[in-house]
1. Only loop residues by DSSP count here, and only those with at most 15 other Cβ atoms within 10 Å; note down the GluC sites (Glu not before Pro) in the range 198-305 that meet that.
2. Of 150, 100, 258, which is farthest on the positive side of the dipole of the chain, counting Cα position, with +1 on Lys and Arg Cβ, -1 on Asp and Glu Cβ, and the Cα centre as origin?
3. Hey, what's the Cα Rg ratio for the range 119-226 versus the globular rule of thumb, 2.2 N^0.38 Å?
4. Name the long-range amide H neighbours of residue 60: under 5 Å, sequence gap of 5 or more, or other chain; modelled H, no Pro or chain starts.
5. Quick check on the range 113-165: what does the Kirkwood estimate of hydrodynamic radius come out to from the alpha carbon pairs, in Å?
6. Would you grab the residues whose amide H sits under 5 Å from the one on residue 340? Only those 5+ places off in sequence or on another chain, please, with H modelled 1.01 Å from N.
7. What shape does the chain have by the C-alpha gyration tensor, where a ≥ b ≥ c are the square roots of the eigenvalues, rounded means a/c under 1.5, and otherwise prolate means a/b greater than b/c and oblate the rest?
8. Go through 101/141; 333/399; 276/333; 296/333 and tell me which ones have a Cα-Cα distance over 19 Å in this structure.
Amino acid sequence: MAENVKTVLIRLFLENWQRKLVSLILAVIIWTIVSRSMTVTKVVPNIPVRVTNLPPDKTIEGMQTSGYLNKRISLSLVGHKTALDELSPKDLEVAIDAKGKSHEWIATITEKNLVSLNPAFDPVKRISRLTPIEMIIRQSKLVTEKIPVLVTPPIGEAPKGYQFLDVWPYQLSMSVTGPEEAIKRIKTRGLKLTFNLNDLTQDQLDALQSSHRGEKTDEVSFFVPESWKKISLPNLSETPIEIDDPQAKALRIDFARQDLLPIGFPLPITVFFPPKHSHTINPETYSLATNDLITKKNGIKFFNAPLYAQGVSRLFLETVKDMIQMVIIAAPKSERETLLWNAHFMYPHDLENRYVAKVMSEANDAALDAQPHLFEDYLRHRFRSYMNRFRLYTPNHNKLSLKIELQANSISVTPQNYP
């Protein structure tokens, strides 16, 4: 059996091998010629379109500074199979010449508009026909306008150990160049600049915590780098556009340290008696009871235990010193078993003025040069935010919790979580 197989193989490959080799070579040549001359149709998507020779004061809506339109097209090409098989959208572009054209015209795209981006591909030799496509081209006046930019509250979370305060300035402007119709739409709605706090690290803010005097501060101002002062407008530019407003040099994000700050002084504690309950609950029927933590001095009752604040600054505490008290709101047991209380600031408008004057006297030139009246408004907003978020804490980092109840003829105060 093996002998028979060997004989068959010898006859197959060795007998008349010269003729068989010639036949094989001819077959390969014929296959190559046929393959290279075979004509096929291929649709190539996402072909970029570039417009050239526009007048310097004209543009096309959707055209970027490079001359490319933001709209891409698909082309149906007829040509050599081997060339088209390897063709991709990166190898071609369509060039439309606007020289001498009217305000609006119809551009017919043929094989004459094809430009090769691949030196190895010659569309003249490889493409025999292109299914024509018509595009309506409308020229627009090229204009440059100042567009308002609203700096919105950032997204993301502040680095550990810090609390976001605010951004400033709140509004900037930037020069934007493009088609008149598009610029009008952008100007009507304005632009927004939003930062992401996740792009900041604790190390970055820690490094800013030392002031120029080498002292640590409770507030940290992160001055926004130039790379962040850009807005993406894909219809007008391939790259983000820089904000060219001179006031952008003062753009910053402010944070407060979340360290516990000692209040440093005993807080007066009083009772507010709502008039609607005054026939039964009033200063003559109920008085605030004293105990180990509620003491009386010079006729004034104080919460006489160390208290702390968080998310505010030492300057704020220094400003409100002697102008803050704890206020209990009296109410019958039928309305509330445990009475409510809060920290109350006396004459807050005057405190606000003091705070603003102090900060502005120490502000750097960049802050004052950039809209000083708006900077003052920003400081007032910060002070009010401090007042709104002001909470009292115990030494073990817990918010102060008080159990306040009506007794027989007194109001008792018992701290629930004081160490």
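1. Passing sites in the range 198-305 are 215, 238, 284.
2. Going by the charge dipole, the pick is 100.
3. 1.88
4. 140
5. Hydrodynamic radius (Kirkwood, Cα pairs) of the range 113-165 is 18.6 Å.
6. For residue 340, the qualifying residues are 329.
7. Prolate.
8. Checking Cα-Cα distances, 333/399; 296/333 exceed 19 Å.
The values are calculated or read from the model by the stated rules, or taken from the named source; none is laboratory data. Computed from a predicted model, the values in this text were never measured in an experiment. Positions of Cβ are backbone-derived with ideal geometry, glycine not excepted, and every protein chain shown enters the neighbour counts. For the accessible areas, the whole protein counts, side chains as well, though only heavy atoms, and no ligand, DNA or RNA atoms are used. Shrake-Rupley method; radii C 1.70, N 1.55, O 1.52, S 1.80 Å.
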